[in-house]
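Q: Before I ask anything, here is the structure I am working with.
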Amino acid sequence: MSYKNFPMVSHVVYGRGSFNQLDEIISPKRNGREAPFIYFVDDVFKGNHWLTSRISLSYKDKIIYVPTKEEPKTSQIDQLVQDIILEFSIRPSGIIGIGGGIVLDIAKAVSIMLTNEGESKDYQGWDLVKNPAIYHLGIPTISGTGAEVSRTTILTGPERKLGINSDFTPFDQVILDPELTKDVPKDQWFYTGMDCFIHCVESLNGTYLNAFSQSYGEKAFDICKEVFLGDILSTEVSQDKLMMASWHGGMSIAYSQVGVAHAMSYGLGYLLGVKHGIGNCIVFDHLEDYYPEGVKLFKEMKEKHSIKLPKDICADLGEEELDIMINVALSLEPLWENAIGKKWKETITPDTLKELYLKM
Ligand code: NAD
Ligand code: ZN
């Protein structure tokens, strides 16, 4: 038995207002005037925004606003990398991602592809990246995905939706400033927060579970219950806590794996473009056979926050389309093995998934 030896984020700062330390943190990482820091910023912060106006650009530094209607594609990453190579004569000093999971994943992927040949689709999978990425720093503005701490960046490619999982993917630095999450719309707060809750349920109920994952997973699970079901916390305490739940949830799956909701949500994402957070919620709502306790709590949370999920999103799909989704979901073997066990193929068949999808 060989145990995973995985890297973690090497530097992290936590606290309200810690965003102000960004400049001081990156200054020593600057490789001269010609090598810029490139900021990928969620376009929700575009314009004369309180967050953007706190970024101080020097020399050739540049902000690139990222639309977040759709999740990142490999072609988009390749284009961004191409644009950077064409615009600047030398390699940037670093990449900084400010936003939700989409922007954080884009920052990670671009920092990898600036030092690795070929196209980003070639690196979707496990441990395919050869060269270390350039310096990359992540600043989440919404809590739940764990993308700030994980060793993956999830991309939709021509053939599959799959992460670039590698030792070079984690951020070199993360700034956790819960204040940045204050304007997240309620529905989105719920969907992305539930991503964290579902990470915990899938990790804690998986066959890959070990004391390492359990210790982080239980903590994050408890925080989610406090934030989404407990007595009213002050808005600030709730933001602080959810940001730490996201971190712990991510740490939990780092040493285990996600499960059924994620596998099936990838299918919805690939075929229908349903986004990760809401997709997980749509799937998880129907998984009482797999995660009875978690699904019961989820339904209580949904009720408490008056969240209405879309219905019948698969009702009009033809056989071929259903097959595409089913194949994407089934291809994520480690997720099924974690959820069900080594013999998962005996119980999880295309028909099992078809029946579930048709309920959604
Ligand atoms: P997101 O990046 O899709 O953003 C959701 C919405 O919230 C966007 O409209 C965005 O503009 C808005 N938003 C973000 N911060 C805001 C703020 N402070 N104020 C107002 N609006 C704000 O959301 P997400 O759920 O964080 O990320 C989902 C993405 O993360 C997916 O692409 C998924 O594949 C990826 N993901 C990655 C990992 C990983 O480990 N790398 C894990 C889980 C999910
Ligand atoms: Zn997730």
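Q: Using a 1.4 Å probe, what is the accessible area per residue for the chain, in Å²?
A: For the chain, the solvent-accessible area averages 44 Å² per residue.
Q: Suppose we keep just the DSSP beta bridges with both residues in the chain; what percent of those would be antiparallel, to 5?
A: Bridges in the chain that DSSP calls antiparallel: roughly 10 percent.
Q: If you take the square roots of the eigenvalues of the alpha-carbon gyration tensor of the stretch 27-153 and sort them as a ≥ b ≥ c, do you get rounded (a/c under 1.5), prolate (a/b over b/c) or oblate?
A: Taking the square roots of the gyration eigenvalues as a ≥ b ≥ c, the stretch 27-153 is oblate.
Q: Which of the trypsin sites (Lys or Arg not before Pro) found in the stretch 141-228 are loop residues per DSSP with 14 or fewer other Cβ atoms within 10 Å of their Cβ?
A: Answer in residue order: 182.
Q: Could I ask something else about it? Beta carbons within 10 angstrom, averaged per residue: use that to sort the peptides 45-55, 250-260, 271-281, highest first.
A: Output ranking for 45-55, 250-260, 271-281: 250-260, 271-281, 45-55.
Q: Rank by packing, highest mean first: peptides 74-81, 350-357, 162-169, with packing defined as the count of other Cβ atoms within 10 Å averaged across residues.
A: By packing density, highest mean first, the sequence is 162-169, 74-81, 350-357.
Q: A further question on this structure: Suppose the chain between residue 212 and residue 43 were pulled fully straight at 0.36 nm per residue; how much longer would it get relative to their current alpha carbon spacing?
A: Result for the pair: 57.2 nm of gain on full extension.
Q: Does the chain classify as rounded, prolate or oblate by the C-alpha gyration tensor (a ≥ b ≥ c root eigenvalues; a/c under 1.5 gives rounded; else a/b over b/c gives prolate, otherwise oblate)?
A: Prolate is the answer for the chain, as a/c is 1.5 or above and a/b outweighs b/c.
Q: Would you pull out the residues with amide H under 5 Å of residue 136's amide H, same chain only if 5 or more places away, H placed 1.01 Å from N?
A: 95, 172, 173
Q: Sticking with this structure for a sec: Among rounded, prolate and oblate, which fits the stretch 154-290 when a ≥ b ≥ c are the square roots of the eigenvalues of its C-alpha gyration tensor, a/c under 1.5 means rounded, and a/b larger than b/c means prolate?
A: It is rounded, given that a/c, with a ≥ b ≥ c, falls under 1.5.
Q: If you stretched the chain out fully between residue 1 and residue 69, how much longer would it get, using 0.36 nm times the residue separation minus the C-alpha to C-alpha distance?
A: 20.2 nm
Q: Please report the spacing between the Cα centers of the stretch 61-90 and the stretch 232-246 in Å, no decimals.
A: Centre-to-centre distance over Cα atoms comes out at 32 Å.
Q: How large, in percent, is the carbon and sulfur part of the accessible surface of the chain at a probe radius of 1.4 Å?
A: Carbon with sulfur: 50 percent of the solvent-accessible area.
The values are calculated or read from the model by the stated rules, or taken from the named source; none is laboratory data. Small disclaimer: the values here were computed from a predicted structure and weren't measured. Every residue, glycine as well, gets a Cβ built from its backbone with ideal geometry; the counts of neighbours run over all protein chains shown. These area figures cover heavy atoms from the full protein model, side chains too; ligands, DNA and RNA do not enter into them. Shrake-Rupley method; radii C 1.70, N 1.55, O 1.52, S 1.80 Å.
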